[in-house]
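Down below is the structure, laid out as structure tokens.
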Amino acid sequence: MEEQYISLIQKHEGIIHKVIGLYVDNDEDRKDMHQEILLQSWKSYANFKEDSTFSTWLYKVSLNTALTFRKKEDKRKLVSETPITTTSSESKEDYEMLYFLIKQLNEVDRMLMTLHLDGYKNQEIAEITGMTSNHINVKIHRLKATIIDQLKKANNGHI
Amino acid sequence: MDIFEQWKIIEKEKFNHSPINKEDIMEAIYQKSTGTMEILKTRLKYKMMWVLFFTGCFTGLALWQFDNLPVVLIFGAAALLYGLAYFGLRTYYLKMGSEKKELSTLDVMKNNYKLINGALKFEGNIMYPTVPLMLLGAIAVPGLIEGETLLSIYGEPKTLTIAIVSIIILVPLVKFFGDKMNKIAYGSFINKLEDNIKEMEMVG
């Protein structure tokens with residue numbers, strides 16, 4: 001079982017790095033969260049059922065761990081959760097701007113947007129987050145509209 | 001601008017790409033165990049402090065009745081036993097966390113598991129057999145202070161009966177509550193350490 005687990009983790013390690021990158025900003029927390037996700041995924045692996053894909057399962061475990069980790073940690077150390085603003089970011093590259101906007105989203109919205117951008121279908125996102133597909137559909141639609149609007153503003157109306 | 005394309009650039013530029021290997025997983029399990037081992041070590045230190053406190057109390061009582069040889073012997077023996085218990089526990093305590101650097105993390109965890117169980121077993125082995133002696137001493141002390149001898153005190157059937165009944169009732173009770181307290185203070189952490197060792201063995 002362990003060989004299979006290690007091989008699957010190595011194949012999908014990008015998910016872990018992505019969740020860490022999106023939810024914590026300092027090196028010490030990154031290291032802690034990395035260890036926590038590895039530990040939790042290893043502990044939960046026995047319960048992994050192959051009726052969902054490993055990547056979906058790993059996303060779920062990683063995001064749950066990240067959200068729990070955030071609750072445990074001193075929130076001031078972590079990513080701020082202010083509303084989306086673009087005042088000082090107009091000179092940024094497009095991808096930098098998008099990254100900046102995603103990181104400004106609250107925990108749940110950031111999770112939804114990341115999964116959407118990663119190409120997950122709403123049904124899969126529903127499986128990961130426990131929300132309904134309809135709710136996800138509405139949320140993602142709104143989030144995308146807001147982000148595109150902000151990107152347009154940053155690019156002086158062009159996108 | 002295609003945000004999906006931009007997201008691909010973010011993935012390349014912003015996220016770590018270092019590979020995860022077996023050692024990372026073992027390290028993660030070990031780091032969690034380090035916390036557990038530290039807690040166990042700290043709790044063992046508290047136990048040592050209590051044992052030291054009682055050693056001091058018995059020594060003080062022996063000194064207080066310094067001109068009464070039987071009382072000095074009883075409290076002196078108690079102080080000696082508790083002193084031995086303290087140094088025994090201290091040996092286990094000092095060994096915890098000071099393993100040779102070349103040991104693998106799994107061996108360090110196993111070693112700490114063995115040491116904490118050893119310390120608790122040692123405590124039981126040295127403390128529980130002393131309980132009957134302590135009871136006999138405690139019952140005799142008031143009479144000894146008044147100048148009676150051990151033989152005259154336990155020559156009285158009533159005192160002897162009280163002593164025997166006390167031993168029959170209190171020794172199992174002390175053992176029961178002692179084990180219960182150890183289970184509360186150490187049990188869950190020892191179990192956690194044991195689970196982590198099993199997990200490490202599976203990964204390894």
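The values are calculated or read from the model by the stated rules, or taken from the named source; none is laboratory data. Worth saying up front: this structure is predicted, and the values here are computed from it rather than measured. As a convention, Cβ positions derive from the backbone with ideal geometry for all residues, glycine included, and neighbour counts pool all protein chains shown. For the accessible areas, the whole protein counts, side chains as well, though only heavy atoms, and no ligand, DNA or RNA atoms are used. Shrake-Rupley method; radii C 1.70, N 1.55, O 1.52, S 1.80 Å.
One line per residue, one yes/no per condition, for (1) modelled with pLDDT of 85 or more; (2) closer than 20 Å to B:Gly76 by Cα; (3) touching a strand residue (DSSP E or B) at 6+ places or on another chain (Cβ under 8 Å):
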residue: B:Tyr93; (1), (2), (3): yes, no, no
residue: B:Glu99; (1), (2), (3): no, no, no
residue: B:Pro132; (1), (2), (3): yes, yes, no
residue: B:Ala140; (1), (2), (3): yes, yes, no
residue: B:Leu150; (1), (2), (3): no, yes, no
residue: B:Ser166; (1), (2), (3): yes, no, no
residue: B:Asp195; (1), (2), (3): no, no, no
residue: B:Gly204; (1), (2), (3): no, no, no
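Filter the range A:22-57 for residues that are open to solvent by less than 10 Å² (accessible area, probe 1.4 Å) and under 18 Å from A:Leu115 (Cα atoms) and give the result.
Scanning the range A:22-57 gives A:Leu22, A:Tyr23, A:Val24, A:Ile37, A:Thr56.
Scan the range B:94-116 and tell me whether some residue there is within 26 Å of B:Val171 (Cβ to Cβ) and in contact (Cβ under 8 Å) with a residue 60 or more places away in the chain.
yes
From the set of residues in the range B:176-200 that are open to solvent by 90 Å² or more (accessible area, probe 1.4 Å) and among the charged types (D, E, K, R), which is nearest to the chain's Cα centre (by Cα)?
Here the residue is B:Lys183.
Name the residues in the range B:49-70 that are assigned to a helix (DSSP H, G or I), surrounded by fewer than 20 Cβ atoms within 10 Å (Cβ to Cβ) and among the hydrophobic types (A, V, I, L, M, F, W, C), would you?
B:Met49, B:Trp50, B:Leu52, B:Phe53, B:Phe54, B:Cys57, B:Leu61, B:Leu63, B:Trp64, B:Leu69
Hey, among B:Ile10, B:Ile29, B:Ile20, B:Ile39, which residue is of a type in the set (A, V, I, L, M, F, W, C) and in a loop (DSSP other than H, G, I, E, B)?
Criteria check complete, one pass: B:Ile20.
Please tell me if B:Lys121 is under 23 Å from B:Ala185 (Cβ atoms) and in a helix (DSSP H, G or I).
So B:Lys121 fits the description; yes.
Go through the range B:136-162 and count every residue that is of a type outside the set (Ser, Thr, Tyr), surrounded by 15 or more Cβ atoms within 10 Å (Cβ to Cβ) and in a helix (DSSP H, G or I).
9
For the range B:11-54, give me the residue count where each residue is of a type in the set (Asp, Glu) and farther than 30 Å from A:Gly119 by Cβ.
3
Are any of the residues in the range B:96-104 assigned to a helix (DSSP H, G or I), in contact with a Leu (Cβ under 7 Å, 6 or more places away or on another chain) and within 30 Å of B:Glu23 (Cβ to Cβ)?
no
Could you please let me know if B:Gly155 is over 29 Å from the mean Cα position of the chain (by Cα) and at pLDDT below 85?
no
Kindly evaluate B:Ile3 against the criterion of being within 24 Å of A:Lys121 (Cα to Cα), open to solvent by 60 Å² or more (accessible area, probe 1.4 Å) and facing another protein chain (nearest Cβ under 7 Å).
Against the criterion (within 24 Å of A:Lys121 (Cα to Cα), open to solvent by 60 Å² or more (accessible area, probe 1.4 Å) and facing another protein chain (nearest Cβ under 7 Å)), B:Ile3 does not qualify.
Whether any residue in the range B:23-39 is open to solvent by 30 Å² or more (accessible area, probe 1.4 Å) and more than 14 Å from chain A (Cβ to nearest Cβ) is what I want to check.
yes
Which ranges mark the helices (runs of 4 or more DSSP H) fully within the range A:1-72 that have 3 or more residues being among the hydroxyl-bearing types (Ser, Thr, Tyr), in contact (Cβ under 8 Å) with a residue 60 or more places away in the chain and facing chain B (nearest Cβ under 9 Å)?
So the answer is none; nothing clears 3.
Here's a check for you: in the range A:100-115, which residue that is of a type outside the set (Val, Ile, Thr) and open to solvent by 30 Å² or more (accessible area, probe 1.4 Å) is modelled with the highest pLDDT?
Looking at the filtered set, the residue picked out is A:Phe100.
Give the residue that is farthest from the other protein chains (Cβ to nearest Cβ), with candidates limited to residues of the range A:116-148 that are within 16 Å of B:Asp2 (Cβ to Cβ) and loosely packed, with under 14 Cβ neighbours inside 10 Å.
Step by step, filter the range A:116-148, then rank; the result is A:Ala145.
List pairs: first residue in the range A:128-146 and assigned by TED's automatic domain parsing to the domain that holds A:Thr65, second residue modelled with pLDDT of 90 or more anywhere in the structure, Cβ distance under 6 angstrom, at least six positions apart or on different chains.
The qualifying pairs do not exist here.
Residues are listed down the side, and each one gets a yes or a no for (1) in contact with a Cys (Cβ under 7 Å, 6 or more places away or on another chain); (2) open to solvent by 40 Å² or more (accessible area, probe 1.4 Å); (3) modelled with pLDDT under 90:
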| position | (1), (2), (3) |
| --- | --- |
| B:Ala79 | no, no, no |
| B:Leu84 | no, yes, no |
| B:Met96 | no, no, yes |
| B:Lys110 | no, yes, yes |
| B:Asn117 | no, yes, no |
| B:Glu123 | no, no, no |
| B:Tyr128 | no, yes, yes |
